Amino acid sequence: MSNEWPLWEVFIRGQHGLSHRHVGSLHASDAEHALQNARDVYTRRKEGVSIWVVPAADITASAPEDKGSLYDPADDKVYRHPTFFDIPDDVGAM
Amino acid sequence: MYAQMIKSEATQDDPEQLAAFQARIDAGDKIEPKDWMPEGYRKTLIRQIGQHAHSEIVGQLPEGNWITRAPSLERKAILLAKVQDEAGHGLYLYCAAETLGVSRDELTEMLLDGRMKYSSIFSYPTLTWADMGAVGWLVDGAAIMNQVPLQRTSFGPYARAMVRICKEESFHQRQGFDIMMKMVNGTAAQKRMAQDALNRFWYPSLMMFGPSDSDSVHSEQSMSWKIKMNSNDELRQKFVDQTVPQAAYLDLTVPDPDLKWNEDKGGYDFTGPDWSEFFDVLKGNGPCSTERIEARQKAWDDGAWVREARLAHAAKGHSAKVAAE
């Protein structure tokens, strides 16, 4: 039986005002340990102001083969983008 | 390099899927862990990233050797930070390898029982403080040469680990060169130590890039998969061209009497390393090969109770929480 510490995904807020961003993963026995390890592995040079750790097993990911059904419907909805509409120059900035 | 002599695995996949996969790579797409990939691609990458990770971890040992004997508190703190970075690099890479379906324990076991290798360079001893300079300057310099192009490699997690590593690696090379500058400007004995370190590390550094392209049978497949970005000879030449002027700046002599600038090719002609020594070291017969694996084995064995205690503690915390609810 494997006695490996579980895998955690690490997210770091690089600066105030930015969202947390996935930076990598690590093994740790529990959440507190994962935070300590994340500090040592991913922020040795002040790379962040806040760390999230999430058990990798708790992440639900979309499957690569679902790409079509998830994103293709957006293909024929170009009107969602502002450039779809021609506004005469005379109107000014809009 | 940190990954030498990586054998590409033959692939027996559906030709149509293979062609579609190759088209993605040619278009510059990144392959992510859950995407379809040929079995050969997966296996070759596990071996390559695994060997790279092992090299970072084993690479801590020759430098760790000098932490307690660094000549000043500042040098000690710097060396400690560098060695800690190497541990970090190993961890980024192990995680990248694990996304391909191999476990951390399996990787460790394969290193310990010899199924996986680490770079030949770390089987050489570090005899004097000047070796800390030579290792940073030459070994990390050679590593950078290989790792910079690997930031564009086709496998997403590997490329991202390389970006992180490259950001940190420059400090390593510069601290090494800084030690060399101090040594060559010191006493005559210190300068002799610097020259001696260059003499011993020059050819092993050239070996890091792996055998000549003409003898490197697995390069082609890895290059078309974009998990190897440049040929061994190309990178070796680049390393020599970059390093020789730096040695001149230090007023040190590269231990190669046939080293000569070649105007036509715009690079140096130089003597290649003794490849029989390289193959011997890779087989585990380097001067420190036994010692290195013994040190890793000891760390693995001595750490067993910590790994278990941590898990037991976590389980206890969990059951206490359940009981309180």
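Give, in nm to one decimal, the length gained when the segment between B:Ser214 and B:Ala87 is fully stretched (0.36 nm per residue of separation minus the Cα-Cα distance).
Residue separation times 0.36 nm, minus the Cα-Cα distance, leaves 42.3 nm.
Given a cut-off of 29 Å, what percent of all Cα-Cα pairs of the protein assembly as shown lie beyond it?
53
What is the range A:7-84's relative contact order, in percent, from Cα pairs under 8 angstrom and six or more apart in sequence?
On the way: 89 pairs, mean separation 25.0, N = 78.
Worked out over the range A:7-84, it gives 32 percent.
Counting each DSSP H run of 4 or more residues in chain B as -39500 (n - 2.57), what helix-only mean residue ellipticity at 222 nm follows after dividing by all residues, to the nearest 500 deg cm²/dmol?
Working: 14 runs with 202 residues, N = 325.
Rounded to the nearest 500, it is -20000 deg cm²/dmol.
Give the distance, in whole Å, between the Cα centre of the range B:181-244 and the Cα centre of the range A:38-94.
Value for the Cα centre distance between the two parts: 42 Å.
Sort A:Ile87, A:Ile51 so the one with the fewest other Cβ atoms within 10 Å of its own Cβ comes first.
By the 10 Å Cβ count, ascending: A:Ile87, A:Ile51.
At each listed q (0.10 Å⁻¹), what is the log10 of I(q)/I(0) that the Debye formula gives for the range B:37-162 modelled as equal alpha-carbon point scatterers?
-0.34
Do the sum for chain A: with -39,500 (n - 2.57) for every DSSP H run of n ≥ 4, divided by all residues, what is the mean residue ellipticity at 222 nm, to the nearest 500 deg cm²/dmol?
The per-residue figure over chain A is -5000 deg cm²/dmol.
Label chain A by shape, choosing from rounded, prolate and oblate, from the square roots a ≥ b ≥ c of the eigenvalues of the Cα gyration tensor; if a/c is under 1.5 it is rounded, and otherwise prolate applies when a/b is larger than b/c, oblate when it is not. Show your work: numbers first, answer last.
Values: a/c = 5.55, a/b = 1.87, b/c = 2.97.
Judged from the Cα gyration tensor, chain A comes out oblate (a/c at least 1.5, b/c at or above a/b).
May I ask you to derive the relative contact order of the range B:93-202, considering only C-alpha pairs under 8 Å and at least 6 residues apart, and to give it as an integer percent? Mind dumping the intermediate values first?
Numbers: 93 pairs, mean separation 34.8, N = 110.
For the range B:93-202, the relative contact order is 32 percent.
Count charges around B:Ala19 for me, please; just the other residues with Cβ under 13 Å from its Cβ, Lys/Arg as +1, Asp/Glu as -1.
Taking every Cβ under 13 Å from that of B:Ala19, the sum is -3.
Do you know the relative contact order of chain B, to the nearest whole percent, from alpha carbon pairs under 8 angstrom that are 6+ apart?
Reported as a whole number, the value is 20 percent.
According to the square roots a ≥ b ≥ c of the eigenvalues of the Cα gyration tensor, what is the shape class of chain B, taking rounded for a/c under 1.5, prolate for a/b larger than b/c otherwise, and oblate for the remainder?
Since a/c reaches 1.5 but b/c is at least a/b, the shape of chain B is classed as oblate.
On a 0 to 90° scale, report how tilted helix A:31-42 is relative to the longest principal axis of chain A, with both axes built from alpha carbons and the result rounded to the nearest 10.
70
Assigning unit charges at the beta carbon (Lys, Arg +1; Asp, Glu -1) and nothing else, what dipole magnitude in debye, to the nearest 20, does the protein assembly as shown show about its Cα centre?
Computed charge dipole of the protein assembly as shown: roughly 1460 debye.
What residue among B:Asp301, B:Asp264, B:Asp29 shows peak mean-square fluctuation when chain B is described by a Gaussian network model with Cα springs under 10 Å?
Maximum fluctuation in the GNM of chain B, among the listed residues, is at B:Asp264.
I'd like to know which of B:Leu198, B:Ser276, B:Val83 lies farthest towards the positive end of the charge dipole of chain B, counting +1 on Cβ of Lys and Arg and -1 on Cβ of Asp and Glu.
Farthest along the dipole direction, towards plus: B:Val83.
Using Cα springs under 10 Å in a Gaussian network model of chain B, which residue among B:Gly133, B:Gly284, B:Gly101 shows the largest mean-square fluctuation?
B:Gly101
Rounded if a/c is under 1.5, else prolate if a/b is larger than b/c, else oblate: which is the range B:110-161, with a ≥ b ≥ c the root eigenvalues of its Cα gyration tensor?
Numbers: a/c = 3.65, a/b = 1.33, b/c = 2.74.
It comes out oblate by the Cα gyration axes.
Build a GNM of chain A with springs between Cα atoms under 10 Å: which of A:Tyr71, A:Tyr79, A:Tyr42 gets the top mean-square fluctuation?
Sorting by GNM fluctuation, first place goes to A:Tyr79.
What's the longest uninterrupted piece of chain A once you rule out the trypsin sites (Lys or Arg not before Pro) that are loop residues per DSSP with at most 10 other Cβ within 10 Å?
After excluding every exposed loop site, the longest remaining stretch is A:1-45.
How many angstrom separate the Cα center of the range B:246-261 from the Cα center of the range B:60-106?
Between the Cα centres of the range B:246-261 and the range B:60-106 lies a distance of 30 Å.
Taken together, the values in this text are just the output of simple stated rules run on the coordinates, not laboratory data. It should be emphasised that the depicted structure is a prediction, and the values quoted were computed from it without experimental measurement. A quick note on method: Cβ atoms are made from the backbone with ideal geometry, for glycine too, and the neighbour counts reach across all protein chains shown.
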